[in-house]
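Computed from the coordinates by the stated procedures, all read-outs in this text should not be read as laboratory data. Source: prediction; values computed, not measured. Cβ placement follows ideal geometry from the backbone for every residue including glycine, while neighbour counts extend to all protein chains displayed.
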Amino acid sequence: MSLLQSMAQRDRVFDFLVPSESPVDVRHGPILYMEDVTVSFDGFKAINDLNLTIDDGELRCIIGPNGAGKTTMMDIITGKTRPDTGSVWFGSRHNLLTLSEPEIARLGIGRKFQKPTVFEALTVFENLELAMATDKRVLPTLMARMNGDIRDRIDEVLGMIGLEAQYRQPAGILSHGQKQWLEIGMLLMQRPRLLLVDEPVAGMTEQEMERTAELLTGLAGKQSVVVVEHDMGFVRSIARKVTVLHQGSVLAEGTMDQVQSDPKVIEVYLGESEEAA
Amino acid sequence: MHWLGQPFKERSTLIFLGVLLTALVAVTVLHLVVPQGHPLYVSAYTVNLFGKYLSYALLAVAVDLVWGYLGILSLGHGAFFALGGYAMGMYLMRQIGERGVYGHPVLPDFMVFLNWDSLPWYWYGFDSAWIAFPMVMLAPGLLALVFGFLAFRSRVTGVYLSIITQAMTFALMLAFFRNEMGFGGNNGLTDFRDILGFDLRSDQVRLGLFLATGIALALGFVLCRAIVTSKLGRVCVAARDAEARTRFLGYRVERVQLFVFVVSAMLAGVAGALYVPQVGIINPSEFSPLFSIEIVVWVALGGRATLYGAVIGAILVNYAKTVFTGIMPDAWLFALGGLFVLVTVLLPKGIAGVLAYRVRKRGVTENDGKEATA
């Protein structure tokens, strides 16, 4: 069966079969729409009948205990993992399940990994340069020239993430927090419509957390942002709407206060976390 | 085409080209102008030897391009080198004409010996340089394209890729050993006479081949530097260090890898084609896995991801090999192994790493001096 499916996905072999990259259609509201998605690994259902809708321009926090399926959900959206059943749409035009990782990235979904991954051998400036939304095929990349517009865009993002002074340093010598910001900056260079951010404040100091919160809330409105986070204090400081995942499906959804008073949620997650805090 | 001009803005490239051109001119002058018997006289034999080193240096640059910048440790680049060599060898065979031992107007000696009555189809056209010389790049390029397409599409990387490149060159060696392949079996192709109408055994032609190899090395070096300093070069480094991240940025990493791998294979083919007329023979031993590993040792000794380090490594190791095998032939492999271990332990960045460190140190002391006076 999977062989048949992979043979049917001829577009992943022949480029000319790929639908041309058309703009994302958000006239009907949501920018991301996941319906009845299920994924199992060796019989374990990491995602179980998940339904999730993200509106255009929204800042959404997703919380849930370990193993709730948060990272798997991001893997599905970015094309790294294919679900067994269900559908995932970006706007109302693009079926993400038929696209490859780079195609999804080019459509405008940017992802920040849990562990900061920047290109350590390259400078901060070069990291941002590579992330810039532009023609990323091999020959155009070979011929690419630096120009004033690109430099301005990079300077603008350098300002947003507060790394102007470090732009010539190799990314490898940045502090943990600075790497996280650089990675968010790289996502911004792609001018994404939807940003997926996985645990942005893990291992950050109090001050770094505040700066990150400012950065993310500043982005919402222009971009849709989905933040997966463990730190409840941080979630409270930025979230307008919170989704609680549990065992691969949505347990509750609403404002932070609504979610916190939900007895189901208290039972599986918030209760223990509040005690710990 | 501004990207091809980019290397000329780098000091290291200008120094490299300066040193290389000086060496080419110096050898030419010492060979032609200085009288024989003078201590500075460079004999035709030595010119020939230098030419061989330069073709190895070009091969090492090709390997450093994929290993240093893309992180693909190819243990099969000898195969591309040998394919380029065979394409040149086939041309040289056809140039022998009726002067072979059997005097057959069309068939090379070994085919007459095997009682073949006609030329196999894949030998057609190799009597013309217009077909044979492009094949020097096309044959290895095509192999790299097919091999790389399959390997990179399946996301085979790291040690697994190294192993299959090794298997590829080993399989080709076994195939070329067979007489039925039509490439001369274990004797290979040899007994060459002319290249482009010039007598291969004359001193002038040897000097010409040496100079041509030097120029090919300079051009190959500039091409690699141009790729490395372009945005594509930075994407290579990005893919080397964090492949998944590069994919999520929207780059098709497998295509970048394929492109650079094919360019590298073609350069290796050119190196092989320049090597064959200078040593006068090509046989399946060039496909041997050991040779491909030796190339990697040159690059590691010289220093990865600098390109000029690969040149230094290739020339030094092969010079040492010439000297050593003259004194005690049996000890050479031990010496090579020992050298490799020493460099890995003491100079992890190779000889180029030591050079870069000295330059940086000098730069720092100069800056200190300026600050002190200011």
How are the alpha carbon pair distances in the protein assembly as shown distributed across 20 Å bins from zero to the largest one, expressed in percent? 16, 41, 29, 12, 2, 0
What does the extension gain come out to for residue B:146 and residue B:9, with contour length at 0.36 nm per residue minus their alpha carbon separation? 45.8 nm
Step through the residues of region B:225-234 one at a time and calculate ³J(HN,Hα) from phi using the Karplus curve (6.51 cos²θ - 1.76 cosθ + 1.60, θ = phi - 60°), rounding each to whole Hz and writing x for Gly and Pro. 4, 5, 5, 5, 8, 6, 4, 4, x, 5
Compute the long axis of helix B:77-96 from its Cα atoms, compare it with the longest principal axis of the Cα atoms of chain B, and write down the angle in degrees, 0 to 90, nearest 10. 40 degrees
Net charge of neighbours whose Cβ lies under 9 Å from the Cβ of residue A:38, counting Lys and Arg as +1 and Asp and Glu as -1: -2
Using a Gaussian network for chain B with springs between C-alpha atoms less than 10 Å apart, which of these wobbles most: B:280, B:250, B:313? B:250
Let me know the charge dipole size of the protein assembly as shown about its Cα centre in debye, to the nearest 20, where only the beta-carbon of Lys, Arg (+1) and Asp, Glu (-1) is charged. 1680 debye
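Averaged over all directions, how much area does the convex hull of the C-alpha atoms of region B:2-373 cover when projected, in nm²?
Numbers: hull surface 91.5 nm².
Seen from a random direction, the Cα hull of region B:2-373 projects 22.9 nm² on average.
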Name the residue from B:334, B:259, B:280 whose Cα lies farthest towards the positive end of the charge dipole of chain B, charges +1 on Cβ of Lys and Arg and -1 on Cβ of Asp and Glu. B:259
Taking the square root of 5λ for each eigenvalue of the C-alpha gyration tensor of chain A, the equivalent ellipsoid has semi-axes, largest first and in whole angstrom, of 30, 27, 16
Using helices alone, what [θ] at 222 nm do you get for chain B, with -39,500 (n - 2.57) per DSSP H run of 4 or more residues, divided over all residues and rounded to the nearest 500? -24000 deg cm²/dmol
Sequence-distant residues sharing a close amide H with residue A:249 (under 5 Å, placed H): A:48
When the charge dipole of the protein assembly as shown is computed with +1 at the Cβ of Lys and Arg and -1 at the Cβ of Asp and Glu, the Cα pointing farthest to the positive end, of B:22, B:311, B:232, is that of B:22
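Could you work out the helix-only [θ] at 222 nm for chain A, with each DSSP H run of four or more residues adding -39,500 (n - 2.57) and the total divided by the number of residues, to the nearest 500 deg cm²/dmol? Please report the intermediate quantities before stating the final value.
Numbers: 11 runs with 97 residues, N = 277.
Dividing the helical sum by the residues of chain A leaves -10000 deg cm²/dmol.
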Using only Cα atoms, find the angle between the long axis of helix B:129-153 and the longest principal axis of chain B, and express it within 0 to 90 degrees, rounded to the nearest 10. 60 degrees
Magnitude of the Cβ-charge dipole of chain B, K/R +1 and D/E -1, about the Cα centre, nearest 20 debye? 1440 debye
Which of A:70/A:112; B:231/B:361; A:80/A:112; A:112/A:179 have a Cα-Cα distance over 18 Å? B:231/B:361
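If R0 is 51 Å, what FRET efficiency do you get for residue B:181 and residue A:176 from their C-beta distance, rounded to 0.05? Don't skip to the end; give the middle numbers.
Details: r = 58 Å, r/R0 = 1.13.
The pair residue B:181/residue A:176 has a calculated efficiency of 0.30.
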Please list, by residue number, every one of the trypsin sites (Lys or Arg not before Pro) in region A:197-263 that is coil in DSSP and has at most 16 other beta-carbon atoms within 10 Å. A:222, A:240
Cα-projected label distance for residue B:327 with residue B:288, points at 7 Å along beta-carbon direction, nm: 2.3 nm
Springs between alpha-carbon pairs under 10 angstrom, Gaussian network model over chain B: which of B:326, B:303, B:71 fluctuates most? B:326
³J(HN,Hα), Karplus 6.51/-1.76/1.60, whole Hz, each residue of region B:309-316, x for Gly, Pro: x, 4, 5, 4, x, 4, 5, 5
In whole Hz, the Karplus estimates of ³J(HN,Hα) for region A:59-65 (6.51, -1.76, 1.60; θ = phi - 60°; x where Gly or Pro) are 10, 10, 9, 10, 10, x, x
Calculated FRET value between residue B:113 and residue A:100, using beta carbons and R₀ = 56 Å, to 0.05: 0.55
Student exercise, region A:29-276 dipole from Lys, Arg, Asp, Glu Cβ charges, in Debye to nearest 20: 900 debye
In degrees from 0 to 90, rounded to the nearest 10, what is the angle of the helix B:11-32 Cα long axis to the longest principal axis of chain B? 40 degrees
Among B:31, B:6, A:146, which residue has its Cα positioned farthest towards the positive end of the charge dipole of the protein assembly as shown, with +1 placed on the Cβ of Lys and Arg, -1 on the Cβ of Asp and Glu, and the dipole taken about the Cα centre? B:31
Candidate aspartates and glutamates for bridging to residue A:222, where Cα separation is under 16 Å - those fewer than 8 sequence places away on the same chain excluded: A:25, A:55, A:56, A:58, A:156, A:214
